[in-house]
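Down below is the structure, laid out as structure tokens.
The values are calculated or read from the model by the stated rules, or taken from the named source; none is laboratory data. Remember, it's a predicted structure, so these values are computed and weren't measured experimentally. All Cβ positions, even for glycine, are placed from backbone atoms using ideal geometry, and neighbour counts span all protein chains on display.
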Amino acid sequence: MQKYALETPRGTVYIEGPCPGDYLAKLTMNEKLTNFRPPAKQKNALIMITEMPAGMIYIARHEKEIAGYVTFHPSDECSRWIKHPRVLELGGIEISADWRKMKLAENLLKVSFQNLELENYIVITMEMCWHWDTRNTKLDIWAYQRVLTNLFGSVGMQRTPTDDPDIIEHPANVLMARIGKNVSKSDIELFESMKFQRIYNNAINFL
Ligand SMILES: CC(C)(COP(=O)(O)OP(=O)(O)OC[C@H]1O[C@@H](n2cnc3c(N)ncnc32)[C@H](O)[C@@H]1OP(=O)(O)O)[C@@H](O)C(=O)NCCC(=O)NCCS
């Protein structure tokens, strides 16, 4: 497990991972890690991800408490991307409201992307605005989108056009992707061919 000490105004935070499930089980979740689901449920979800093929969790830890995390896992069964053998999804990054704007997210990404295993994958993130914490951050969706595209851009992820229904459902949503150095040309071509499936044309043809 990789470990990096980050000095913050609230003390030393350790950025570490990939974390085994039994290690996560011994830690507590900060009570404000509520963006996706209540902290206890989210902790179980993190542990479950460590059991998935290629699943990885990196955390930002203060003493015995998880202050933030980032997840990597295979795409959902209903997603088009599950059909690609080399796509891995960065499913979520969350920093507790107690710990925001102290570079925890930036460092979580920096440390996790130092893992050479990620060079074997096309890492994607589906940024959907209904998951964004516009209330606590007081950012509008466009400013929030800018923060996220810059944040993910800091590790080489790039905005990627697609007609994935989850992305086109709202104009602020974005797909970002980073192609690892060891991904083969044929896997890159397959990814390219999957971006647009002309779902609406197909639906019209079907009628
Ligand atoms: C988005 C989020 C992960 C940022 O975490 P963070 O640890 O506060 O971010 P960092 O301190 O590492 O900041 C990274 C950059 O974003 C900017 N940023 C972060 N929050 C910001 C805010 N509220 N307003 C303006 N800029 C902001 C920082 O200024 C920094 O930019 P810089 O490098 O140019 O200075 C955090 O707000 C969060 O958990 N939100 C809820 C969950 C979420 O929206 N996740 C993303 C979708 S999966």
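For the subset of the range 142-153 comprising residues that are within 10 Å of the ligand (Cβ to nearest atom) and either farther than 24 Å from Glu192 by Cα or in contact (Cβ under 8 Å) with a residue 60 or more places away in the chain (or both), which member is nearest to the chain's Cα centre (by Cα)?
Among those residues, the one meeting the criterion is Phe152.
Residues that are more than 29 Å from Met1 (Cα to Cα), aromatic (Phe, Trp, Tyr), near the ligand (Cβ under 10 Å from one of its atoms) and not in a helix (DSSP H, G or I): does the range 125-141 have at least one?
So far as the range 125-141 goes, yes, one or more of its residues are more than 29 Å from Met1 (Cα to Cα), aromatic (Phe, Trp, Tyr), near the ligand (Cβ under 10 Å from one of its atoms) and not in a helix (DSSP H, G or I).
Could you please let me know if Thr12 is surrounded by fewer than 18 Cβ atoms within 10 Å (Cβ to Cβ), assigned to a loop (DSSP other than H, G, I, E, B) and modelled with pLDDT of 95 or more?
Numbers: surrounded by fewer than 18 Cβ atoms within 10 Å (Cβ to Cβ): yes; assigned to a loop (DSSP other than H, G, I, E, B): no; modelled with pLDDT of 95 or more: yes.
Criteria not met by Thr12.
This table checks each residue for (1) within 16 Å of the ligand (Cβ to nearest atom); (2) over 18 Å from Gly68 (Cβ atoms).
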residue	(1), (2)
Lys110	yes, no
Glu119	no, yes
Ile122	no, yes
Pro161	no, yes
Arg178	yes, yes
Gln197	no, yes
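Which condition number does Phe113 fail, the rest of (1) over 22 Å from Gln158 (Cα atoms); (2) out of contact with any Asp or Glu (no Cβ under 8 Å at 6 or more places or on another chain) being met?
(1)
Would you pick out the residues in the range 75-96 that are of a type outside the set (Val, Ile, Thr), more than 13 Å from the ligand (Cβ to nearest atom) and crowded, with 19+ Cβ neighbours inside 10 Å? So that I can check it myself, show each step before the final result.
Let us first name the residues in the range 75-96 that are of a type outside the set (Val, Ile, Thr), namely 75-81, 83-86, 88-92, 94, 96.
Restricting the remaining residues to those that are more than 13 Å from the ligand (Cβ to nearest atom) gives 75-81, 83-86, 88.
Trp81, His84, Arg86, Leu88, listed by residue number.
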